[in-house]
1. If r is the Cβ-Cβ distance from A149 to R27 and R0 is 51 Å, what FRET efficiency results, to the nearest 0.05?
2. So how do 4-13, 191-200 stack up, highest first, on mean other-Cβ count within 10 Å?
3. Could you order peptides 90-98, 66-74 by the average number of other Cβ atoms within 10 Å of their residues, highest first?
4. For K113, which aspartates and glutamates qualify as cross-link partners when the Cα separation must be under 13 Å and same-chain residues fewer than eight apart are set aside?
5. Please get the size of the charge dipole for segment 98-169, origin at its Cα centre, with Cβ charges of +1 on Lys and Arg and -1 on Asp and Glu, quoted in debye to the nearest 20.
6. Which of the peptides 134-143, 302-311 is most tightly packed, and how do the rest follow, going by the mean number of other Cβ atoms within 10 Å of each residue?
Amino acid sequence: MLFSWPWALLSLLIIPVVVGVVWLLRRRRRRAAVRVTSIALVRAALPPRTRWTRLIPTLLLLLGFATLGVGAARPQATVPVPSDSTTIMLAMDVSGSMCSTDVEPNRLTVAQKAAISFIESQDGETKIGLVAFAGVAGLQVPPTTDKDALIEAIDNFTTARGTAIGSAILTSIDSIAAINPTVAPTGGVEPATAAESAAVPGLRVFTIGFGTTTPSQMACTGQQAGGWAGGGPRGGFGGGAGRNPRVIDEATLQAVAEITGGQYYKAESADQLHGALGDLPSQVTVVRKHVDIASWFAGAGGLLVAAAIGLSLWWNRVRVRGRELNSRQPE
């Protein structure tokens, strides 16, 4: 538990003072002598009370003071609350493997439609940025609420060689760092290294492996095969040397999600891809914040003090009635 005003905890010193005052009062009471006509009548009139019962009002009063003292220090609790300043970076693969027709008409076309649908489903408060990556990663649209700019950039995607997942993560982090001073710029290119850089400021990466293992032809539209919009090399496309470009690197995607506290999704159809993207808003719009709970302590402390005073007055009233009853008895 954190405290906004920790120095206010000094108010708890009032507790030993109260204990000392109560002890002195009880000591004086023992010295006072009261003459009664019949001890038996007084005991019969008073309700049975043990030593611990007599201490209940005092204990409630001390507990109330302690609760009020803690509340004066403005305690804070860490709780999950909805965030109204979410920034989402969409990092989309535009490597040659996205021309695979295992998902008709091809992976890239379906991914473009799903991304556009996701963007259109967001409210106007959520900022969305767009990164495209093949052999290198490039920022297409910085975080913005301009949905038209995002959709236009996605419609103009073209393919290139390679799949630089690590560079895509770092480019996304740097884009968030440009608008959020609490996020530092990055360095490094390996996916695991990039994921660790994202985890440090609390950024979560949700990865989606899109496609199947079914052998299929590669077919891109004229727009998609015309080069890469990120400024990379234009022309042919394909995967890295020694790797089947149509095979999804699930191990890397799962590791990135695990390191950052995100989640990995496997999508083998357009419906599954839409479903994975549809799960993202509920995952990324909840953050943990420090909430002031001083009012809770103030309320609880006030109730304890009131209960202590009320109980003490009630028991004293019963005692006085017992004495009055005794005084009315004939000698």
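1. Working: r = 81 Å, r/R0 = 1.58.
Efficiency, from the Cβ-Cβ distance: 0.05.
2. On the way: 4-13: 12.4, 191-200: 20.3.
Taking the mean over residues of other Cβ atoms within 10 Å, the ranking is 191-200, 4-13.
3. On the way: 90-98: 24.6, 66-74: 19.8.
Per-residue mean Cβ counts within 10 Å order the peptides as 90-98, 66-74.
4. K113 reaches E104, E152, D155, D271.
5. Values: 5 positive and 9 negative charges, 68 e Å.
Dipole size: approximately 320 debye.
6. Values: 134-143: 21.0, 302-311: 15.4.
Result, highest mean Cβ count within 10 Å first: 134-143, 302-311.
Any read-out appearing in this document is the output of simple, stated calculations on the displayed coordinates, not a laboratory observation. Because the structure is predicted, anything quoted here is derived from the model rather than measured. With ideal geometry, Cβ positions are generated from the backbone for all residues, glycine too; neighbour counts draw on all protein chains shown.
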